[in-house]
Amino acid sequence: MLKDNPVMKKLVETGEERIGKIAQQLLSNEKFVSMVQGLVSRSLAAKGTLDSALRTALSAMNLPSTADLELLRSKVDDLEKLLASVEGKIDTLVDEKKK
């Protein structure tokens, strides 16, 4: 309904153009880009610190971390493959014995 309205279309187009120009100006401003890069760097550093503290806290509470769970999941997958292989060999032996 509003999409078909020519006035609304014009308003949206004008808004998109203005936002594009503002974004272009901001990205061409070295101070702005430097500030954004600094924020991203500090955010990543804070995340690293938080992750490390969380791993330490989980370890202190004797709770598994995500890495611990992934390792366990990998080991379970390996055991399932081994079990499937053993089952296949047993089935083969049973079939040969029936013949």
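The values are calculated or read from the model by the stated rules, or taken from the named source; none is laboratory data. If you're wondering where the values come from, they're calculated on a predicted model, not measured in any experiment. Every residue, glycine as well, gets a Cβ built from its backbone with ideal geometry; the counts of neighbours run over all protein chains shown.
Which of the residues spanning region 32-73 are of a type in the set (D, E, K, R) and modelled with pLDDT under 95? Spell out the reasoning first.
Filtering region 32-73 for residues of a type in the set (D, E, K, R) gives 42, 47, 51, 55, 68, 70, 73.
Scanning region 32-73 gives ASP51, ARG55, ASP68.
Pairs meeting the criteria (first residue in region 32-58 and more than 16 Å from ASP68 (Cα to Cα), second residue not hydroxyl-bearing (Ser, Thr, Tyr), beta carbons under 6 Å, at least 6 apart or on different chains) are PHE32/LEU26.
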